[in-house]
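Contents: one structure, followed by commentary.
The values are calculated or read from the model by the stated rules, or taken from the named source; none is laboratory data. Just so it is clear, the structure is predicted and the values come from calculations on it, not from any experiment. Here the Cβ positions follow ideal geometry from the backbone for every residue, glycine too, while neighbour counts run over all protein chains shown.
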Amino acid sequence: MSEIDVSDIQGFSLKGYNFPCARYLLLELLHHEAARDFVKALLPVITTGERWDIDKKPMSTVNLAFTHTGLVQLQLPMVSLLSFPVEFQQGMKARGDILYDTGKNSPKHWDPVWKEGRVHAWLAVNARTAEALEERCAAMQQLMTETGGARLLQGQDAGAIYLNGRPSAKEHFGYTDGFGNPDFKGAERVCVPGQGKLTGDGRWEALATGEFLLGYADEAGELPVAPIPHLLGRNGTFMVYRKLHQNVATFRDYLDAQGKLYGGGKEKLAAKFVGRWRDGTPIELSPDGPEASIVADNNRNTDFTYGGDPAGARCPIGAHLRRVHPRDAFGFNGGLVNRRRIMRRGLPYGEFVPEGQPVRDEDERGIIFMALNASIFRQFEFVQQQWVEYGNDSHQGNDKEPLVGNHDGTGKFMVQGTADPKNPPFLCGGLPQFVELRGGDYFFIPSLTALAMIATGTVDPR
Amino acid sequence: MSNQSGQVYGLTILSPIIEDDRLDICHSMELRWYLGHLPRDHKSPFAQISSTYLARLVVMDDVVYVGAPACEEHLKSHYLVFETNFDWDLETYLTRLARETPEFVDAVWKHCVGYPGVSDIAAFIAYMKKCQVETTFFFADVNNRTVQKSLEALRTQSALARFIAKHQGQSPAEVQREFGRLLHAIAHAPPPIPGGDESDRMPQENRPHE
Amino acid sequence: MIREARQHTITKMTNINGKAYAMNAITPMKPWKTPILKLAFFVLGAVKPLQKNLKDLSFIHFARWVVIRRNQFPRLSDRQPREELRYDYLLFFSNFNGTWNQYIDAFSAVLSQGLDLIWRWSEKYPGSRPVTGFKRYISLVQFDTDYYYNAYPRAATNDVKAALRVQDAVDQFARASQSLSPAEFEKAWLEFLVRVQSDLGSTGVAPVGT
C-alpha cells in the first residue's frame, strides 16, 4: 500500500470538494519570470489534499494546472518538456482523430479561447457561496496584476444546479450525477463497494495509486510515464478538461417522442440510456422504478455488477454506465477494465430550465467535464475512443453511446428487453447529437513540490 | 492436421525472391511497388478467389537482430511471405488462383525463384507446396461457416436492424407482411461481393451519409 | 469530409484493412529449444480450456505460429544461395481487431502465461509483464505487411459471430413465421426480438489506430 503525502498533492486531484460554486480561470501566461513569480505568489494559497477539520472548512479553494504550452511558456528545460507523455505534449486539439472530435465536435466549432490554443493555465476556484467565489477570484486577479505574470482569457463559471433552493447533483438532462468515482490505495476514503475493482471473490478493492497519481505503481505493476526529474512528476496527475454543450431541447423532444412508443414509459427509457434512473437509482438494483433509499445509501448506490444480467434486460448493454465502467461485464477478473478507469470532477454550467418549460438548444448550458488519470492515452482516450464512440468491446459493433456519442443522425441504441410488455426490446433510431464539444485541453496538475520548482526555475532534469 | 481448423485452411508460403545484382531495381522493390498499387477492396484478386477470408503478402527482407548477447545473422535471400486463410482445401484454392487470377499470380511470383508459371497447374501446385511451411499452431475464431455464409449473415444482420427500426410499433399483421417481404429480398439477393464497403449490406440500400 | 479523409489515410496503411490488423513477427530461437516449443504448442492444442481465454477475448480472426528450422527455409534452385543460420525462427501472423496498443495491453493483462509459454524460448524475450518492455520487444521483432486483403473489412470477429447468430435465428423463425395468425405472430415476433436483440450492432469503420 502506498503511503501518500496528502500535503504535497493538490486537493483537486484527491477529492471532489462538493462546493456548489466554481469558476475556472483560463489564463495566458506572460513573460516567464513574471509567470514564475505569479506561481510563487499562489503557492501559499493552493489547496492541498489535507483533510479539513469539521469546523475549519475553507470558504473557497484554489488549484492550478498547466497545458504543455503553458509549461513551455514557463521555460521548463527542454529535456523535461520532451519527457512528458506524447498526448499531453500534443494537446487535445491535435488528438481529434482519436477522440472522434469531428463534425460538430471539431475545433472549428469550439469557443474562441479553446480554438485559438492560448490557454496556458487553469486556475480553479471552488467556493461555498457566490460571495466567497467573487472574493477569491478578485484576489486571484490582484495577484495577476501585481506580478504581471498572467492575463485572464476567460472565466468559465460552473456550479451545482439548485432545486428547491438547495444545491443538487443534477445535470441539465435531469440525471443525478456524481456516483462511482474510483477508489484508489492511499486515498483517505472508505472504499465504497462498486467504486474500486472487483476481486475474484466478488469484493471491491481499491485500485492501485498509480492509476491516478504519478510516481506510484499502477495496476500493471509499472510506474506510468511521468516527466523528469522525478520530483516534477511525483504526486502530480493529468486532467482532461472538456466543455460539453448539451442540447436540452433536442434531448427532451427525443425522449418524449420515444418514450411514447416505449412500453415502459419515458422515465424508464431515460433510465435505460444511462443505467440509472434520473434520481440515481441503479437500474440493475431496481429495474422497475427509482428507489430513494438506495440512492441515499453510499454503500448501496454503486454496489452492483452485471453478471446477473448478461442479456442486458435490466441495464442495456450499450447504456452509458455499462460502457464507461464495465465492472465484471468483460470477465477476466477485470483485467481489461482496471487500467481504464477515470476520476471525474465536473459541474454543470448555464441556466437550468425545469422540465416542461421552454428551452432552446442554442443557449449556453452543459457540463464542464474534467477527468483525472495518470495516463490520458491509456485511460481517458481509450474509454472515449473504444467504449463511448465505438462498441466492439461490448459487442455492439459500431454503435455509439446514446447520450454523449458523436451522432450523425443515423445511429441507434438498442434497449434489450424481455417478453414483459413493460420491458420490451426497443430500438431507438435516428439518434441526434445531444452533446457537443465546445473546447478543452489536456492539463498537468503538479504537486506542491513541483509547483515550487517551477516557481523558482529549479526544474533540473539531470 | 495443424494447417486446418474446422473448415478453414491456414496456408503459409515462403517463396525465395530472385537476387540479381545486375538489375537497377531489384525484384523485392518491384514486388513491393506492385503490391503497393494492387487494389485491396472488392477489386482485389482475392475478392475473386472468394473463399478467402483474410490474406496477406509480405516481403520479408531479413531476420531480426534482437541485440547482444544474441548473435547477429542475416538471410541470404529475401522471401515473399503469403499467409492466407480460406475455406476447405489447398488444391482447390491453388487451382483457382492459377485459373482465375493468372495475371496476378504471374505478376507476383515471377519475382520468385523457381516459379514455373500457371499454364501447367500441376507444376504450379507442386511449386507452391515446395514453398509451403507447416503451421505449428493455428487459431481460427470462426471456423464453421464459409466466407459467403458469413457475408450473407452480415447482410441479414444489417437489414434486420433497419427493418426493426422502420416497423417498430406497427400492427402485427403489417410487420408479418413486411417481414415476409424482407425474407424474400434476402433469399433473392445476389451473392455478396467480398472485400468492399458494400460487402455487408443489401444491394438496394442507399447510404448517403456514409 | 473529415471522415473521408480519415478513411483515405487508413486505406493507405498497409498493416490495416478495415477493422483487421495484420501483424507479422519473427523471433530467433536457439535450436535446442525448438522441440520444447513444439511440445508447448502440442499441449496448447490438446488442452482445450487453454484456448478458451483466446476465444473469449474475441479479438482475433485468425492467428498462426510457424516454426522454421534453420535449414528449412525453402530452396528452389541450386543457384539460390543456401541459408547458413545459427538460430531457428518462430514466425507469428495475427489477424486481429483493435489497435496495436489495445491488443497488446489485453494480451499482457489476460493471457500473460500463454504468451510467455510460447515466446520464452525466443532470444531476449522480456516477458509479457511489465507491458512496456513487452511492447518494446514486439516493436523490434514486428515487420510490416505489404498487401492485406479482408473479405469483410467493416466487420470485426465479434460482428461476424453476432451476424451468424442472427442468421440462424432468422432461418429458424422464417420457417414458422409466415403461416402464423397475426396474434400468434405477435408473440413469436417478440420472442424472436428477444433472441436477436444483443446481436444487432452495426458494422462500419474502425477507430483510428494508436
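C:Y87 satisfies every condition listed in (1) in contact (Cβ under 8 Å) with a residue 60 or more places away in the chain; (2) more than 30 Å from A:A329 (Cβ to Cβ) except (1). Selection of helices (runs of 4 or more DSSP H) fully inside segment B:37-147 by the criterion of at least 2 residues being in contact with a strand residue (DSSP E or B) (Cβ under 7 Å, 6 or more places away or on another chain) and away from every other protein chain (no Cβ under 11 Å) returns B:90-100. Do you know which residues across segment A:99-119 are aliphatic (A, V, I, L, M) and crowded, with 20+ Cβ neighbours inside 10 Å? Listed by number, the residues that qualify are A:L99, A:V119.
Taking first residues from segment B:46-60 that are in the same structural domain as B:H27 (by TED's automatic domain parsing) and within 13 Å of B:L14 (Cβ to Cβ) and partners that are of a type in the set (A, V, I, L, M) and assigned to a helix (DSSP H, G or I), the Cβ contacts under 7 Å between residues at least 6 apart in sequence or on separate chains come to B:L57/B:L35; B:L57/B:V108; B:V59/B:L31. Each residue in segment A:199-257 was checked for being out of contact with any helix residue (DSSP H, G or I) (no Cβ under 8 Å at 6 or more places or on another chain), within 14 Å of chain C (Cβ to nearest Cβ), assigned to a loop (DSSP other than H, G, I, E, B) and touching a residue at least 24 places away in the same chain (Cβ under 8 Å), and 2 of them qualify. For segment A:401-442, name all the residues that are among the small types (G, A, S), within 21 Å of A:Q246 (Cβ to Cβ) and either touching a residue at least 60 places away in the same chain (Cβ under 8 Å) or more than 10 Å from every other protein chain (Cβ to nearest Cβ) (or both). Result: A:G405, A:G439, A:G440. Selection of segment B:177-205 for residues being assigned to a loop (DSSP other than H, G, I, E, B) and more than 10 Å from chain C (Cβ to nearest Cβ) yields B:A189, B:P190, B:P191, B:M202, B:P203, B:Q204, B:E205. Would you check if C:A169 is touching a helix residue (DSSP H, G or I) at 6+ places or on another chain (Cβ under 9 Å), more than 11 Å from chain A (Cβ to nearest Cβ) and within 28 Å of B:E198 (Cβ to Cβ)? Answer is yes for this residue. In segment A:1-27, how many residues are surrounded by fewer than 18 Cβ atoms within 10 Å (Cβ to Cβ) and under 25 Å from A:M144 (Cβ atoms)? Going through segment A:1-27 one residue at a time, the tally reaches 0.
Of everything listed in (1) free of Cβ contacts under 8 Å to residues at least 60 places away in the same chain; (2) over 23 Å from A:E171 (Cβ atoms), the single unmet condition for A:A452 is (1).
A Cβ distance below 9 Å, combined with a sequence gap of six or more or placement on separate chains, defines the contacts here; from segment A:55-84, residues that are over 20 Å from A:D37 (Cβ atoms) and touching a residue at least 24 places away in the same chain (Cβ under 8 Å) reach residues that are buried (at least 24 other Cβ atoms within 10 Å of the Cβ) and of a type in the set (V, I, T) in the pairs A:S60/A:V125; A:T61/A:V125. No other residue among A:G429, A:G439, A:G405, A:G457 is more than 23 Å from the chain's Cα centre (by Cα) and over 30 Å from A:V6 (Cα atoms) apart from A:G429.
You will find that of A:E28, A:E33, A:E3, the residue that is of a type outside the set (K, R) and within 19 Å of A:Q154 (Cβ to Cβ) is A:E28 and no other. For A:A187, are the conditions met, namely being farther than 30 Å from A:Q357 by Cα, within 14 Å of chain C (Cβ to nearest Cβ) and in contact with a Gly (Cβ under 9 Å, 6 or more places away or on another chain)? Against the criterion (farther than 30 Å from A:Q357 by Cα, within 14 Å of chain C (Cβ to nearest Cβ) and in contact with a Gly (Cβ under 9 Å, 6 or more places away or on another chain)), A:A187 does not qualify.
The condition of being over 30 Å from C:Q102 (Cα atoms), of a type in the set (V, I, T) and buried (at least 21 other Cβ atoms within 10 Å of the Cβ) holds for only one of C:V170, C:V194, C:V131, that being C:V170. With the checklist (1) under 30 Å from C:F107 (Cα atoms); (2) buried (at least 19 other Cβ atoms within 10 Å of the Cβ); (3) modelled with pLDDT under 95; (4) of a type in the set (D, E, K, R) in hand, flag the one item A:D328 doesn't pass. Going through the list (1) under 30 Å from C:F107 (Cα atoms); (2) buried (at least 19 other Cβ atoms within 10 Å of the Cβ); (3) modelled with pLDDT under 95; (4) of a type in the set (D, E, K, R), A:D328 breaks only (2). Residues in segment C:172-199 that are farther than 20 Å from A:P316 by Cβ and either more than 8 Å from chain B (Cβ to nearest Cβ) or basic (K, R) (or both): C:Q172, C:F173, C:R175, C:A176, C:S179, C:S181, C:E184, C:K187, C:A188.
Scanning segment B:19-31 for residues that are within 9 Å of another protein chain (Cβ to nearest Cβ) and surrounded by fewer than 21 Cβ atoms within 10 Å (Cβ to Cβ) returns a single hit, B:E19.
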